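Student: The structure's right below; bear with me while I get my questions together.
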Amino acid sequence: MSIACTGEGRTLRAALSGEVDHHRARALMGELDTLIESALPRSLTLDLSGVTFMDSSGIAVVLRAWRRMGELGGVLRVSGVPAQAGKVLRAAGLDRLFALED
Amino acid sequence: MKQQPGNEVLLRFLSRSANEGFARTAAACFVAQLDPTLEEVNDIKTAVSEAVTNCIVHAYPNCLGPVQMRLRLFEDRTVEVVVKDSGVGIADIEQARTPLFTTGNGERSGMGFTIMESFMDQVKVRSRLGKGTTVVMRRRLSSRAAAPV
Ligand SMILES: Nc1ncnc2c1ncn2[C@@H]1O[C@H](COP(=O)(O)OP(=O)(O)OP(=O)(O)O)[C@@H](O)[C@H]1O
Ligand SMILES: [Mg+2]
């Protein structure tokens, strides 16, 4: 597992770390899918504070989690966004879908 | 007259996804000799990652092929990155550069070219179907001369 998960009940926090690129994206999507399907959280916070690099492959990872949470009637929060990842997510306009918290 | 590069490096590697990290780290190391800001290095790394990932994902969809990356540094602190593949090529470049356009599945967001364009000063794309694609990106680094020591 490369995602560290904490939380109780239906409030979850998933910490992504390292470089989020195409090389790792599929595995991360799979882990997040499993996490969401099994916990059915009302609120999922993606903690990006340990992410050292992100490119457009990471946009797809975050968007997929956002879409899945929406389908389940829950909310996605994105926190601990480092400068480089934030610039990429903002360039894609994701800050118009949900807040990118520092 | 076109100015001569002050330094140049040429890398050739297989289109394996493990080389995405290699290519952007190599670019960051080479550019470091111009003493760029952290944000400038990160912008260049991100643009390199996008261009190289496109070769790996789109140019050679079902096989491995060669990817070439040339980096050049000019006197006026311009960094030039050329990423070239000999893959399937792009049918309509203008369409490919449109935000959200993708021929990928749900694993792609169609934002790669948009990110290259917003992180670099200039992005040029040449492509021929069945022959391959070349992406040329330039970014002029800020002058560090005035920076306090
Ligand atoms: N080197 C290439 N060879 C062939 N086709 C390419 C190449 N680069 C880009 N393309 C085409 O251009 C489209 C847009 O590329 P772009 O990088 O903007 O988005 P993407 O790769 O589909 O998604 P993302 O980069 O957000 O993961 C691709 O879907 C693909 O069809
Ligand atoms: Mg791309």
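The values are calculated or read from the model by the stated rules, or taken from the named source; none is laboratory data. A quick note: this is a predicted structure, and the numbers were derived from the prediction, not measured. So basically every Cβ, Gly included, is an ideal-geometry build from the backbone, and we count neighbours across all protein chains shown. Side chains are part of the model used for accessible areas, which takes the heavy atoms of the whole protein and leaves out ligands, DNA and RNA. Shrake-Rupley method; radii C 1.70, N 1.55, O 1.52, S 1.80 Å.
Student: Using a 1.4 Å probe over the heavy atoms of the protein chains, calculate the carbon and sulfur portion of the accessible area of the protein assembly as shown as a whole percent.
Tutor: The C+S portion of the solvent-accessible surface of the protein assembly as shown is 52 percent.
Student: Then there is this: Grab the DSSP H runs of chain A that are 4 residues or longer, score each as -39,500 (n - 2.57), total them, divide by all residues and round the 222 nm result to the nearest 500 deg cm²/dmol.
Tutor: That calculation yields -13500 deg cm²/dmol at 222 nm.
Student: How far apart, in nm, are two points set 7 Å out from the Cα along the Cα-to-Cβ line at B:ARG16 and at B:GLN4?
Tutor: For the pair B:ARG16/B:GLN4, the computed spacing is 3.8 nm.
Student: Say the dipole of the range B:64-149 comes from +1 at the beta carbon of Lys and Arg and -1 at that of Asp and Glu; which of B:GLY132, B:THR78, B:ALA96 then lies farthest toward its positive end?
Tutor: Farthest along the dipole direction, towards plus: B:THR78.
Student: Summing -39500 (n - 2.57) over the DSSP H runs of n ≥ 4 in chain B and dividing by its residue number, what mean residue ellipticity at 222 nm do you reach, to the nearest 500 deg cm²/dmol?
Tutor: -9000 deg cm²/dmol
Student: List the residues of the range B:91-121 whose accessible area drops by at least 20 Å² when all protein chains are present, compared with their chain alone, using a 1.4 Å probe and counting only protein heavy atoms.
Tutor: B:GLY106, B:GLU107, B:ARG108, B:SER109, B:MET111, B:ILE115, B:PHE119
Student: Could you give the nm distance between label points at A:LEU40 and B:ALA28, where each point is 7 Å from its Cα heading toward the beta carbon?
Tutor: 4.2
Student: For the range B:1-124, what's the relative contact order in percent, using C-alpha pairs closer than 8 Å and at least 6 residues apart?
Tutor: Relative contact order of the range B:1-124: 29 percent.
Student: Mind listing the phi-derived Karplus ³J(HN,Hα) values for the range B:99-109, rounded to whole Hz, using 6.51, -1.76 and 1.60 with θ = phi - 60°, and x for any glycine or proline?
Tutor: x, 6, 6, 8, 9, x, 8, x, 7, 10, 10
Student: Right, here's the next one. So if I place +1 on the C-beta of Lys and Arg and -1 on the C-beta of Asp and Glu, and nothing else carries charge, what would the dipole magnitude of the range B:5-140 be about its Cα centre? I want it in debye, nearest 20.
Tutor: That gives a dipole near 460 debye.
Student: Points 7 angstrom from Cα along the Cβ direction at B:ASP35 and A:VAL75: gap in nanometres?
Tutor: Spacing of the two 7 Å Cα→Cβ label points: 4.7 nm.
Student: Using a 10 angstrom Cβ neighbour count of at most 13 plus a DSSP loop assignment to flag exposed trypsin sites (Lys or Arg not before Pro), which longest range of chain B is free of such sites?
Tutor: B:17-130
Student: Between beta-carbons, use under 12 Å as the cut-off and find the net charge around B:CYS55, counting Lys and Arg +1, Asp and Glu -1.
Tutor: Once positives and negatives cancel, what remains is 0.
Student: If contacts are Cα pairs under 8 angstrom and at least 6 residues apart, what is the relative contact order of chain A in percent?
Tutor: Worked out over chain A, it gives 27 percent.
Student: GluC sites (Glu not before Pro), restricted to the range B:36-133: which are DSSP loop and have at most 11 other Cβ atoms within 10 Å?
Tutor: Qualifying residues, ordered by number: B:GLU75.
Student: How many Å² of accessible area per residue for chain A, probe 1.4 Å?
Tutor: 45
Student: Okay, next question. To the nearest 20 debye, what is the magnitude of the charge dipole of chain A about its Cα centre, counting +1 on the Cβ of each Lys and Arg and -1 on the Cβ of each Asp and Glu?
Tutor: Computed about the Cα centre, the dipole is about 240 debye.
Student: Can you tell which of B:VAL48, B:LEU14, B:GLN33 lies farthest toward the positive end of the dipole of the range B:5-140, using +1 and -1 charges on the Cβ of basic and acidic side chains (Lys, Arg; Asp, Glu)?
Tutor: B:LEU14
Student: At a probe radius of 1.4 Å, figure out the A/B buried accessible area, summed over both chains, and give it in Å² to the nearest 100.
Tutor: In total, chains A and B hide about 1700 Å² from solvent.
Student: Give the cross-link partners of B:LYS84 among the lysines, using a straight C-alpha distance below 25 Å as the criterion and excluding same-chain residues fewer than 8 apart.
Tutor: Once the sequence-local lysines are set aside, what remains near B:LYS84 is B:LYS2, B:LYS45, B:LYS124, B:LYS131.
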